[in-house]
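Since the structure comes first, as structure tokens, the remarks are kept for the end.
The values are calculated or read from the model by the stated rules, or taken from the named source; none is laboratory data. Worth saying up front: this structure is predicted, and the values here are computed from it rather than measured. Virtual Cβ from ideal backbone geometry, glycine too; neighbours counted across all protein chains shown.
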Amino acid sequence: MLTNLIVAIGLVGSIASIIGILIAAPGWKSKTVHVSYGLLVTVLATGVFSYQTQLSELTQIENQVERIVKSADLSTDGSQRGFMLASLAFLEKHKDRFPETFARAKSLCDNVGVTESKQESALERMYQGWRLTDGATAMKYLLSGIAAGSGD
């Protein structure tokens, strides 16, 4: 993506410079106006390409999150753990873009005890199952917010 941006800026800047030289009158004032025009066109093109790159990256992230949410199987404790850990890994990968969301997800996983296995008694196992269900559901909605374009 960055390479495409650099190439596009170079092309637009070169074309603007050539046009500026070709249509410039012999005086300094005219040349200054045309050079300014070339710089303005280059700056505007840079802004447009930069915005397009960011928008494309965000759309790609939203699509990835949507696939994660759609493929979520929350029918067992193990699949709920897996979903939460996969979601946390995804958010960790993109924590520079979603730092607060990553922090919330990490806190959620810690509070739910996603890496713990409570097997001492049937009651503890049942409570842990409820916590995992609540946590996985919360994580699903957290990711759904990103898929809908409402990240940090």
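Is it true that some residue in region 137-147 is surrounded by 13 or more Cβ atoms within 10 Å (Cβ to Cβ), touching an Asp or Glu at 6+ places or on another chain (Cβ under 7 Å), modelled with pLDDT under 90 and of a type in the set (G, A, S)? It would help to see each step written out before you state the result.
Taking region 137-147 first, the residues surrounded by 13 or more Cβ atoms within 10 Å (Cβ to Cβ) are 137-140, 142-147.
From what is left, the residues that are touching an Asp or Glu at 6+ places or on another chain (Cβ under 7 Å) are 146-147.
Filter again for modelled with pLDDT under 90, leaving 146-147.
Checking which are of a type in the set (G, A, S) leaves us with 147.
The answer is yes, given that some residue of region 137-147 is surrounded by 13 or more Cβ atoms within 10 Å (Cβ to Cβ), touching an Asp or Glu at 6+ places or on another chain (Cβ under 7 Å), modelled with pLDDT under 90 and of a type in the set (G, A, S).
Filtering region 112-134 down to residues that are within 31 Å of the chain's Cα centre (by Cα) and among the hydroxyl-bearing types (S, T, Y), which residue is farthest from A86 (Cα to Cα)? Ranking the qualifying residues of region 112-134, first place goes to T133. Does A72 satisfy the condition of being among the small types (G, A, S), within 19 Å of A138 (Cβ to Cβ), more than 15 Å from the chain's Cα centre (by Cα) and buried (at least 16 other Cβ atoms within 10 Å of the Cβ)? Considered against the rule, which asks whether it is among the small types (G, A, S), within 19 Å of A138 (Cβ to Cβ), more than 15 Å from the chain's Cα centre (by Cα) and buried (at least 16 other Cβ atoms within 10 Å of the Cβ), A72 comes out as yes.
Do we have S79 as polar (S, T, N, Q) and more than 15 Å from W130 (Cα to Cα) here? Steps first, answer last, please.
Working: polar (S, T, N, Q): yes; more than 15 Å from W130 (Cα to Cα): no.
Taking the combined requirement at face value, the residue does not satisfy it.
Listed by first and then second residue, the pairs with beta-carbon distance under 7 Å, at least 6 apart or on different chains, first residue in region 72-94 and without any contact (Cβ under 8 Å) to a residue 12 or more places away in the chain and more than 23 Å from E57 (Cβ to Cβ), second in a helix (DSSP H, G or I) and of a type outside the set (F, W, Y), are D73/S79.
Does region 104-119 include one or more residues that are surrounded by fewer than 18 Cβ atoms within 10 Å (Cβ to Cβ) and hydrophobic (A, V, I, L, M, F, W, C)? Give the steps one after another, and end with the answer.
Restricting attention to region 104-119, the residues satisfying the condition of being surrounded by fewer than 18 Cβ atoms within 10 Å (Cβ to Cβ) are 104, 106-107, 110-111, 113, 115-119.
Pick out the ones that are also hydrophobic (A, V, I, L, M, F, W, C) and you get none.
Scanning region 104-119 turns up no residue that is surrounded by fewer than 18 Cβ atoms within 10 Å (Cβ to Cβ) and hydrophobic (A, V, I, L, M, F, W, C).
Every listed requirement among (1) assigned to a helix (DSSP H, G or I); (2) surrounded by fewer than 17 Cβ atoms within 10 Å (Cβ to Cβ) is met by L91 save one, (2). A single entry from R131, R97 fulfils the requirement of being surrounded by 11 or more Cβ atoms within 10 Å (Cβ to Cβ), outside the structural domain of L11 (by TED's automatic domain parsing) and under 30 Å from V12 (Cα atoms): R97.
For A105, indicate whether it is outside any helix (DSSP H, G or I), aliphatic (A, V, I, L, M) and either in contact with a helix residue (DSSP H, G or I) (Cβ under 8 Å, 6 or more places away or on another chain) or under 30 Å from V7 (Cα atoms) (or both). Judged against the criteria, A105 is not a match.
Can you find, within region 51-75, the residue that is nearest to I6 (Cα to Cα) among those that are among the polar types (S, T, N, Q) and outside any helix (DSSP H, G or I)? First the steps, then the outcome.
Residues of region 51-75 that are among the polar types (S, T, N, Q), as a first pass: 52-54, 56, 59-60, 63-64, 71, 75.
Next, only the ones that are outside any helix (DSSP H, G or I) stay: 71, 75.
Working: S71: 37, S75: 48 Å.
Looking at the filtered set, the residue picked out is S71.
Taking L85, is it surrounded by 18 or more Cβ atoms within 10 Å (Cβ to Cβ) and at pLDDT 90 or above? When the stated conditions are applied, L85 does not pass them.
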